[in-house]
Each structure stands twice: as C-alpha cells, then as structure tokens.
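Remarks on the structure that follows.
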Amino acid sequence: MNILMLASEAVPLAKTGGLADVVGALPVELARLGHDVRLALPRYAGIESTSVKLTQASKVQIPWRGDRLEVGVETGTLGGGAVPLICIRYDPFFARQGIYGEGGRDYPDNLDRFVLFCRAVMEACKQPGRPPDILHAHDWQAALAVAYLKTLYRNDPAWAGTRALFTIHNIGYQGHFPVSTYDTTGLPWSEYTPERLEYYGQVNLLKGGLVYADLLNTVSPTYAREIQTAEFGYGLEGVLQTRKDRLFGVTNGIDYNVWNPATDPHLPVRYSAGDLSGKRECKRALQAEMKLPVRDVPLVGLVSRLAFQKGIDLIVDILPKLLGLDVQVVALGSGDPSYQTLLAGLSARYPDKLAVRLAFDEPLAHRIEAGADLFLMPSRYEPCGLNQLYSLRYGTVPVVRKTGGLADTVVPYAPDVRSGSAATGFSFEKPEPEVLLSTMFLALRVYRDKDEWAGLMQRGMQQDFSWQRSAKQYVDLYERALAVEV
Ligand code: ADP
C-alpha cells in the first residue's frame with residue numbers, strides 16, 4: 001500500500017508526548033512490513049539539533065487568504081532510510097522555541113500554523129499518476145488534511161481513490177478556534193455546519209477529522225468505547241456514536257529499540273529479566289542522582305506531563321501520607337505551573353523522601369523507569385499511555401487507574417489470587433485520593449513478599465507490546481478503509 005501519514009510531532013524530530021513516539025515508530029514498522037510510507041511533518045527549528053538531516057527539495061505555492069504563499073519543502077528519511085520524510089518549512093510559523101506554545105500558553109496563531117501545514121502537504125505530496133491509497137492523519141493538527149481531501153481535493157486526480165484514516169490520540173485536545181478565523185481554512189462556508197466543522201459557535205478541527213474520515217481509530221479498545229460516553233467524550237461523544245461502526249481501537253506498541261533495559265544507553269548498568277542485578281545498580285544510581293539516601297527502600301517513580309488528566313492532583317493529595325511510610329518517590333514532570341509549585345513545595349518538606357525534577361528530560365525518564373520499583377500512573381483518562389508499557393518492560397511494577405489503555409495493558413493484582421496469577425501491576429477504579437492511597441498500601445505490602453513481587457516483575461517484562469503487532473492492526477484498518485462504502 002501507498003500510505004501518506006501526517007502528524008505534528010514524531011520522534012526523534014519533535015516530541016511533546018506519546019503522539020511523537022507513535023508517529024516515530026509506526027511508519028518504520030509499516031515500511032518493514034513492505035508498505036510504501038511517507039511521513040509529513042512541520043519543519044520546526046528544533047529539528048536542527050536532532051540526528052535527522054534534511055535537505056531543501058522544492059517550494060510549493062499554496063492558496064492563502066485569497067492570495068498565494070510560497071513554502072519550502074525539505075526532505076530526509078526516518079528509520080535508517082526506510083521512510084521518506086517531507087517537512088514543510090515556513091519559518092515565521094515553525095521556527096519557534098515551542099511546538100504548540102511557550103510558557104504554558106498556546107500560540108495564538110495555531111489555526112494558521114496547522115492550516116498552512118495541512119494545505120502544504122496536500123500540495124507537496126502529489127505524485128502524478130500515483131495517488132496514495134491511504135492518507136493517515138493524527139490528531140487535530142492534521143485533521144484538516146482529511147477535510148481537504150474530502151472537499152477541495154475531491155475531484156483532483158492526484159488524490160483519486162485515496163481513503164482517509166484519522167487517529168485520535170487524545171480527545172481532550174480538539175483545536176477549537178473562533179469562527180472569525182474560519183476563512184483561513186480556505187474551506188467553503190457550506191462546510192461550517194453542526195454536522196461538519198461547527199461546534200457550539202466555534203471551529204473544531206478534531207471534529208473535522210471525525211466526520212470526514214472514512215475510518216477512525218483511537219489508541220486502545222477501552223478508550224474507543226469510553227469516548228462514546230459523556231464522561232470521556234469531551235462533547236464529541238454524540239459525533240462518535242453516530243460513527244461507531246467506523247471507530248476502532250488499536251493499542252500502541254512501544255519501540256523496543258529505544259526502550260529496552262538490555263541495550264538502553266541512558267542506563268548506568270543494563271539488565272534483563274534473566275539477570276536483574278543491573279536493576280539494583282540502576283536504583284542506587286538513581287537515588288544518588290536525585291540526592292536521596294542510597295538504601296534499600298521501595299522507590300516509586302513518576303514521569304508525566306503535569307496535567308489534570310494525569311491525576312497529578314491525586315498524587316499531590318496522597319504524598320504527605322504516602323511519605324509517612326518508609327518509601328522514596330522520584331518525580332519527573334513538566335506542565336501546569338500550579339502542580340510544579342505543589343511538588344516543589346512537598347520535596348522541600350520531605351527532602352529525604354521526595355525528589356522532584358521539573359523538566360522534560362528523556363534520559364532521566366529512562367533512568368527512572370529502570371531505577372524505580374513501582375511506577376505511578378493514576379490518570380483520570382488515558383487513551384493508551386506509554387509509560388506503563390515502558391515500566392512493564394523495565395520490571396517496574398505499574399500502579400494505574402483502570403481506564404483506557406491502562407485497563408487494556410495492565411493485569412491487576414488481586415489479593416486472593418496468588419498462585420497462577422497473571423497480574424502485572426495494580427489498578428484502581430475511582431479517581432479519589434483514598435482509593436489511590438489504599439492501592440499504594442496494597443502494592444507496598446506485596447512488595448515485601450519477594451516471591452510475589454518477582455512474579456509481578458517477570459510477567460511484566462515478558463509482555464509483548466511491540467510495534468509489529470500494532471502495525472499489523474493498522475494495515476487491517478487501511479484495508480478496511482479501502483473497502484468501506486463512501
Ligand atoms: P501523553 O502522551 O499523554 O503525555 P504517554 O504516556 O502516552 O502520555 O506518553 C508520554 C511520553 O512522554 C512518554 O514517552 C514519556 O516518557 C514522555 N514524558 C512525559 N513527560 C516527560 C518528562 N517530563 N521528561 C521526559 N519524558 C517525558
């Protein structure tokens with residue numbers, strides 16, 4: 001199949017979250033399965049400091065506010081040459097410090113930025129006589145490409161027969177913009193209706209992806225069901241209910257080339273399920289790095305965006321009680337300034353027990369996954385979640401809320417099932433501090449039972465969440481998209 005993928009971030013070029021991990025790995029795996037995949041991204045300034053080398057290839061003209069605008073197209077490859085990259089260069093929009101914003105605030109011209117990106121991809125990726133079979137767009141930033149395919153480019157021979165798959169990585173981020181900016185999209189006003197792009201008097205880009213795509217998916221089966229309900233749908237549950245026959249769940253894989261304790265270059269010592277002595281070394285090194293007493297004590301790790309979604313408020317709430325026990329906690333996170341202040345305040349109060357690093361620090365994220373005994377992930381909602389998958393692979397037992405991908409990937413420990421248990425972690429349902437705290441108490445009790453704990457670690461480390469499995473499911477979806485009636 002000939003697949004054109006569009007997204008706003010991909011490892012190793014640009015990353016703010018799990019979307020980048022997925023978009024960095026999926027195309028490479030699809031290429032390995034024999035498909036022809038191209039990946040289109042904006043050309044951010046930060047790309048210069050990565051290992052990916054881009055070269056100026058051409059320029060394209062795009063319609064822009066009643067006029068034409070010239071943008072650059074740079075090319076490179078991903079995955080050792082397996083996947084051609086197409087980067088849209090327009091420095092006034094993309095040569096900035098942030099990807100979506102700075103200092104916790106979104107850029108005010110984000111609509112313009114992603115209109116330009118999607119429109120330029122539609123112009124730059126035409127291959128005469130060879131329309132892509134599939135246009136695969138991720139999240140609101142790429143959603144307009146699907147809308148363009150089905151409207152402005154409907155009769156363009158360069159796109160004849162192309163079907164669209166739209167992937168929702170997080171329905172909490174929809175790209176809402178004032179109606180006064182609608183003209184920037186270049187779409188006719190006939191598309192600005194409640195059935196299409198209009199949403200309570202605003203433009204909703206994610207909704208565009210949902211209504212125009214031939215097929216939809218999200219990143220776990222449970223989240224695919226959850227977003228059809230008012231509790232999780234962020235106002236789009238009705239739209240999704242009407243398209244439920246076209247909505248699927250594909251659990252993300254993880255990149256075992258990057259997240260593998262046996263080869264991870266960020267770790268002081270490497271280890272595997274067969275020999276865990278290196279993990280003990282990693283724990284001591286992490287305690288030392290984070291200036292905690294180096295001793296034998298359960299070590300709890302947290303790596304997260306500091307956002308309400310991630311249940312950070314629950315963690316902040318239970319920390320004083322949790323730290324009353326003989327435990328240590330290492331937290332790495334960036335995001336909401338109010339959580340940053342709360343965490344920093346707590347670590348000043350408990351310097352021997354809680355170490356906090358307020359940053360986005362990928363190498364440290366690896367060392368926490370390796371050095372911690374337990375990993376905390378009490379998300380209010382979690383489309384898939386990657387950190388619990390990394391934790392499983394690193395023998396770090398996850399404690400998660402039973403929602404979305406967390407429910408699909410962590411088998412919860414049940415105190416009454418000992419031998420023959422399939423458990424790989426701990427989970428709880430109600431997003432309330434007391435419930436999280438009692439789950440932590442249970443986990444810490446089980447931690448003292450060395451055999452039981454070793455079983456949890458070993459089972460976790462043996463789980464297969466490779467991309468190969470997920471990529472095959474995406475191929476099935478592409479085939480289905482080519483077969484559906486339009
Ligand atoms: P989300 O995409 O909602 O943030 P995921 O669990 O799907 O959550 O993916 C988060 C990704 O971002 C993981 O690869 C995780 O290691 C990484 N990450 C999150 N916060 C940080 C941080 N402060 N420093 C380094 N990596 C981080």
Looking across the range 346-364 at residues that are open to solvent by less than 40 Å² (accessible area, probe 1.4 Å) and part of a helix (DSSP H, G or I), the single one that is nearest to the ligand (Cβ to nearest atom) is L364
Just checking, how many residues over the range 1-43 are more than 16 Å from the ligand (Cβ to nearest atom), open to solvent by 10 Å² or more (accessible area, probe 1.4 Å) and under 26 Å from G103 (Cβ atoms)?
1
Q309: passes all of (1) in a loop (DSSP other than H, G, I, E, B); (2) within 14 Å of the ligand (Cβ to nearest atom); (3) of a type outside the set (G, A, S) but (1)
Report, by residue number, each residue of the range 399-437 that is free of Cβ contacts under 8 Å to residues at least 60 places away in the same chain, over 13 Å from L389 (Cα atoms) and in contact with a strand residue (DSSP E or B) (Cβ under 8 Å, 6 or more places away or on another chain).
K402, P412, Y413, A423, F426, S427, F428, E429, V435
Within the range 369-390, how many residues are part of a helix (DSSP H, G or I) and more than 20 Å from G253 (Cα to Cα)?
1
Tell me, please, whether a residue that is part of a helix (DSSP H, G or I), within 16 Å of the ligand (Cβ to nearest atom) and open to solvent by 60 Å² or more (accessible area, probe 1.4 Å) can be found in the range 263-275.
no
Which condition number does W467 fail, the rest of (1) of a type in the set (A, V, I, L, M, F, W, C); (2) surrounded by 13 or more Cβ atoms within 10 Å (Cβ to Cβ); (3) modelled with pLDDT of 95 or more being met?
(3)
What is the one condition in (1) at pLDDT 95 or above; (2) in the same structural domain as V297 (by TED's automatic domain parsing) that D451 does not satisfy?
(1)
Cβ-Cβ under 6 Å, sequence separation 6+ or interchain: first residue in the range 262-273 and more than 14 Å from Y390 (Cβ to Cβ), partner surrounded by 17 or more Cβ atoms within 10 Å (Cβ to Cβ) and among the aliphatic types (A, V, I, L, M). Which pairs?
P268/A285; A273/M461
What are the residues in the range 276-306 that are more than 14 Å from the ligand (Cβ to nearest atom) and charged (D, E, K, R), if any?
K279, R280, E281, K283, R284, E289, K291, R295, D296
Subset tally (residues that are in a loop (DSSP other than H, G, I, E, B), more than 13 Å from the ligand (Cβ to nearest atom) and farther than 18 Å from K450 by Cα) for the range 391-409:
1
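The values are calculated or read from the model by the stated rules, or taken from the named source; none is laboratory data. Source: prediction; values computed, not measured. When we count neighbours, we look across all protein chains shown, and the Cβ atoms used for this are built from the backbone with ideal geometry, even at glycine. What goes into the accessible areas is simple: the full protein's heavy atoms, side chains included, and nothing from ligands, DNA or RNA. Shrake-Rupley method; radii C 1.70, N 1.55, O 1.52, S 1.80 Å.
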